[in-house]
Structures are given as structure tokens and as C-alpha cells.
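What follows is a single structure, written as C-alpha cells, with notes after it.
What follows draws every value from the coordinates through simple rules; no lab data is involved. Note that the coordinates shown come from a computational prediction; the quantities given were computed from them, not determined experimentally. Every residue, glycine as well, gets a Cβ built from its backbone with ideal geometry; the counts of neighbours run over all protein chains shown.
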């Protein structure tokens, strides 16, 4: 098997959660591999990150350059192409940075590209068999990849469980002198923080979360009624924000808020991995969806196949009956 | 500004229950509702809005077969100046790099200042735009959720990153951008609009028109091949309530009380 590298995302001197997951993925490709961590950046943060990786990787390659202070995928790609040996297998987290880097990196390395991998099932010589999902997670697929001239494999965050135990302290190898001039035709300017919303969904114990199944803006009131009866807040998945039915601050997911409620009611939400990535703390998940194949049923605790536009009003009505005047009193104070 | 939007016709996952066929080598495609890949539709709308501001033309293209003309006409009904079908039996079995190689050949025969794709399609790969940019040696940005034209040679764009934050970049033209859903509100297309473009000629480009070496694309060149589809064994899976709506509601209320969702 070829040498395996893992691209380490980091911020403020701390490696991202994906780093040990990539180490675990490398072991699935080659059980005796001691993968090499690739750390690009600038300043003392880079050395701090390298130090923390020494017991989970076989070697750490540090690539420090002022132009890499912010991880601009175009510049990171140029740096990696300069230092990586021919035929390398490169693991990258499949997130907002990985989708920027992976496809172009595979072209410049003239290697295969396998995006959003959930598992590595088999390795036969230079042929890897990986598991992916298609059609919004409704079906999975086996994908065979010829890695004889190398491969860039983007790994889904959270799909691989970090391995227990630490290995001997690896050495840090400074590769900074091997990269040439770094000029970009795409230049990072600034990061604008998400706007705070009218309701802070991260502070609520119970969330009534709606997806595409709510169908139109006027129907959001159906979910709000249920939320009022449960003393909960209404959150949502991406299509509801895309359609401008709720503000971005209500979106749960990797590109929205991360929530840790006690109870999460997923109503008309299919359950894409980007959405599920925003649900932490192992809440009790209720899924209501009219599509019995919706992936949300794989992760929910309780599932009901029904049309939320009919089910939710009946549920709200019943809750009002059983909780008597309490819920309506709470509503009156709003 | 000359803008090319690369699109794909896909089964609409919000309208379909995706099932495997009996051989397990494909999904059951009979009776599926197809539509334009949703992010691609946002990309077309964005292109139209840019052209409305700064002038130019929008061409919408797809790599596929005759059935895919349907989405080209739909997007032409939104107001694009041209639809182009890139089609040849010799393209069959292309992987992501193969599709990007075909599109590169098309781009090199024309001139585009800006090339847009949707952020990802039905296979969730999010790969062709980034590959096309690298093959053309153009700059690239993924997950773009706003575009502002700055002068004649560059754009100011925002990318959607974690937590709803936005990463602002300046990018030189020509470039390739993959467009995230929600960037705009795509205009409505009625039957009347589609009828109006029903007879507009859609040129087809194949291997000979594009000067592509068939060995550089299609199944023979593909380093990545899907071997089968499967439905994974459910983890623990949800406990399904199947006793009818009134009984389901009572059971759910009981569970919500037990789990702290209802006091």
C-alpha cells in the first residue's frame, strides 16, 4: 500500500476533531500503516498543533508559510502538490474546506478522487472499495477506486471512530523549504460571523424542527403551535431557510447551529448528514415523515410515517387537552 | 459577462422514495420524478441576476442524453440565452474526472468569464466544479452563497462555512464557482414559458465536435467506479409507531413525558 497522509484542519493551535478520525480511516485502509499528518499554517500555532499529533500519527509533516496563515484551498493545494510523493493516498475531511480542496488536488496529483466516504470495506492491491451514500442518504453505494497513481479520499466527519491508545511520539519533519512561491487568484478577505436570531435554539431543551415537509411558509405556524404547547422552540433544516420561511439562525446543521436539546422532534426532515451533524448530546429523537425510506428513521429513537401537516395539529390539540390550562397559560404570557 | 452554468437532471429526492432494482446495480428508475438538480437551479438564477446587472449572456449546458433536454428547456424558460446538450455514446461510464474533462473541452471551444455549477448533485460528490477548474487552471470556490461583480476582472464572493459563518474572498476571472442553495430566490417557471422555448434548437456537441480523445473519458478512463447500490442494515433504527394516528399520538405523548419533552 502507498504512503497514507492525513490533512489536519486546525484553528487557534488546536487540531480539529477530524484529525483522529482520519488516523482511524488510514488504519482501515492499511492496518499496519502509520499515517503521516500534514499540517499547513504559519506561526506558533502550527508547532502547537504538530506537538498534539505526535502520539496519533507515525510522522508529522509541517509546512509553514506566511501565505498559509489562513487555509485558502488554492494555496494549500499548491503546497501539498510540492511536498507529496507520487502515488500518495491523501485523506481530507469532507467539509467546507475539503470540498474546496479535494477535487482540484486529485487533478493536480493525477490521482483518483473519492468524496464523502463513510467506510473502507476492502483493499485488494491498489484497489480500494469504499462506502458512500447517494440520493440524500436514501441508498448507499460501493465504490471501487484504483489508487495505483494515488488517491485523494474525502472522509465524512463523524463516520470513523477514533482509535484508543497512543503510539510512541512521532517526529515532526519541517517540509517548509520544499514549497515554491505561493500566489493565489482567490484571496481570503475576512470571515463574517452568523447573525444572532430572534430565538436562540441552542438554549432550548425541546425543539420542534421542521424540514421540506412543511411545504409552505404559512404552515410554519403549525409547528409554532406545537412548540408553544411543549414550551419548545421551532428550529429547521436547510430547505426551510433556503425558501426564506425561517431565518438562518433557526437552522440546525453543520452550516447552521449545533444544538444539544433533551428532545428533538424532526418533522418532515429527511435527515441529511449535514443536518444530523448539528444535533449533539444524544437527545431523544422523534421522526415524523411521510417517506418511510427517509434516512432520519435510521437515527431516530421513535418514528412515525405520517403527513406532518395533518399529524402535528392533532398532536398539538391532544397535548393541550392532556396538559390542561398549563400550556395555554404559558402562551398567554408570550 | 459570458456565463456557463453546468447542470444535471436528477431524480427529485423530495418527491421519490428511492428503491433498489432487483439486480442491485441501480436504483429503480421507472416512475421516478426527475427535475433539475436543485442547486443548479439556484446557479442559473444567479447567472441571470448577474447578467441583468452587468450585461452578457447565460448558456446552460448538461452532459447527458436526449431525456436531459427537458431541464435545458426549463432553464431556458427562466431566460438563459442558450441551452447546449453535450452528448455522445462514447461518454458512457465517465467518472467525475471524465465529466470534468468533457466540460473542459467544451469550455475551451467557447469563451466564458464565469462558470457556475450547483454545489452537489444526486451522488453527493461535489466534485465536477473543482475538477473542471483545476483542469482549466482557473481559480475555484465551493459553497458560494453570494456574488458581487467588482470591475471587469474579479468578483467578491462569500462561502458558507461552519456555523452559518461566511468566508469572504476576492476571486479573479475567469473562475469556476459551485453555488449553494439559498443564494437567491429562483424565479418561477410556468408551462407557458416552457412552451415558448419548446421549438428552440438545442445544439448537441459530441466527441468529434469537441475534439475529445474517447480514451480520456468514459468507463475505460474511470479510476472510480460504483459497483453496486445497497440499503445498509439499520443501526438500532427507530421504534416505529404503527398503531394508527390517534394511538400513535397517545403513545408519543407518553414517550415525550418520559423523556422530559412534556411536563
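Odds and ends about this structure:
- In degrees, nearest ten, helix A:18-29 long axis to first principal axis of chain A (Cα): 70
- Nearest-ten-degree value, helix A:220-230 long axis tilted from longest Cα axis of chain A: 80
- Inter-chain shielding of B:97-107 (mean C-beta neighbours from other protein chains, 10 Å cut-off): 1
- Relative contact order %, chain A, counting alpha carbon pairs below 8 Å whose residues are six or more apart: 14
- The GNM of chain B, with springs linking C-alpha atoms under 10 angstrom apart, assigns the highest mean-square fluctuation among B:15, B:242, B:75 to B:242.
- Packing, taken as the mean count of other beta carbons within 10 Å per residue, orders the peptides A:110-117, B:28-35 from highest to lowest as A:110-117, B:28-35.
- Helix axis angle, A:73-83 relative to chain A longest principal axis, alpha carbon, degrees: 30
- Mean residue ellipticity, 222 nm, helices only, chain B: the sum of -39500 (n - 2.57) across DSSP H runs of n ≥ 4, divided by residue count and rounded to 500, is -8500 deg cm²/dmol.
- Build a GNM of chain B with springs between Cα atoms under 10 Å apart, and of B:64, B:206, B:182 the one that fluctuates most is B:182.
- Taken residue by residue and averaged, Cβ atoms of other chains lying within 10 Å of the Cβ of B:226-232 number 6.
- When the Gaussian network model of chain A links Cα atoms closer than 10 Å, the mean-square fluctuations of A:166, A:33, A:24 top out at A:166.
- In chain A, the calculated helix contribution to ellipticity at 222 nm averages -7500 deg cm²/dmol per residue, counting -39,500 (n - 2.57) for every DSSP H run with n ≥ 4.
- The protection proxy used here, the mean number of other Cβ atoms lying within 10 Å of each residue, ranks peptides B:196-203, A:7-14 as follows, highest first: A:7-14, B:196-203.
- Shielding score for A:85-96, defined as the mean number of other chain Cβ atoms within 10 Å: 1
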